[in-house]
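The values are calculated or read from the model by the stated rules, or taken from the named source; none is laboratory data. Remember, predicted model here, so these are calculated numbers, not experimental data. Every residue, glycine among them, receives a Cβ derived from its backbone with ideal geometry; neighbour counts consider all protein chains shown.
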Amino acid sequence: MLLEYLQENYKANEPIFVSDIELPVTDTNLRQMFKVLCDSGQIVRYDTGIYYLKGKSRLKGGVSLSADVVARYKYISRNNKIDGYYSGFTFANQLGLTTQVPFVMEIVSNNASAKCREVNVKNQKIILRKPRTLITKENCDILQLLDLLKDFDNYVDDDMDMATKRLISYVKKLKLKRSEVDKYIDLYPERIYKIIYETRLYDAFA
């Protein structure tokens, strides 16, 4: 029963969180069912309460689930629900504002249990922060942008003009609205207004 459920609802190398499983069995029985499948090699245990279906690979032993993917599912998005976003140098690097490849991943998430703490997903260190307000599918892009702007100067390597162009291009691509920015901007330090003015970012908002 469990294997069929997993094969119908999960792709290979996709994190499976035991806490997400909805079957008419007790928690104790569910954990035992996972153990049986794991012992028989039909699924793979990644960490406590996290498993995955092994994908086909020419490599001996198959392809292992990556810590980055597990972190994204655990803290940012899974089951069509948005709970967080990348922040700090992690997000700045994704936008091309900095060439620095951060060793520590930075994430803001509803699933953070403290204002700021370091957690580990296998060999990946993560700085996990609580959001200033509840993150939803509707506001995650705005909150992520405002978090970036808060310390914008710290993330730019050399060329501020190029960084500003990348930022404006990103805002236009997502069609972020000025009215949405105004809704959340008061949650952030006042210096964020200075950054928006200097980068002329308000002109880029829809």
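The test for being in contact (Cβ under 8 Å) with a residue 24 or more places away in the chain, touching a helix residue (DSSP H, G or I) at 6+ places or on another chain (Cβ under 7 Å) and assigned to a loop (DSSP other than H, G, I, E, B) does not hold for Ile126.
Residues that are under 13 Å from the mean Cα position of the chain (by Cα) and charged (D, E, K, R) were ranked within the stretch 102-129; the one that is farthest from Tyr170 (Cα to Cα) is Arg129.
Got at least one residue in the stretch 140-160 being over 23 Å from Tyr188 (Cα atoms), at pLDDT below 95, among the basic types (Lys, Arg) and more than 13 Å from the chain's Cα centre (by Cα)?
Let us first name the residues in the stretch 140-160 that are over 23 Å from Tyr188 (Cα atoms), namely 157-159.
From what's left, at pLDDT below 95: 157-159.
Next cut, among the basic types (Lys, Arg) only: none.
Among the residues of the stretch 140-160, not one is over 23 Å from Tyr188 (Cα atoms), at pLDDT below 95, among the basic types (Lys, Arg) and more than 13 Å from the chain's Cα centre (by Cα), which makes the answer no.
In the stretch 132-163, of all residues being charged (D, E, K, R) and in contact with a Leu (Cβ under 7 Å, 6 or more places away or on another chain), the one that is nearest to Phe91 (Cα to Cα) corresponds to Asp141.
So for the stretch 39-50 (the condition being touching a residue at least 24 places away in the same chain (Cβ under 8 Å), over 21 Å from Ile107 (Cβ atoms) and of a type outside the set (Lys, Arg)), does at least one residue qualify? Yes, the stretch 39-50 contains at least one residue that is touching a residue at least 24 places away in the same chain (Cβ under 8 Å), over 21 Å from Ile107 (Cβ atoms) and of a type outside the set (Lys, Arg).
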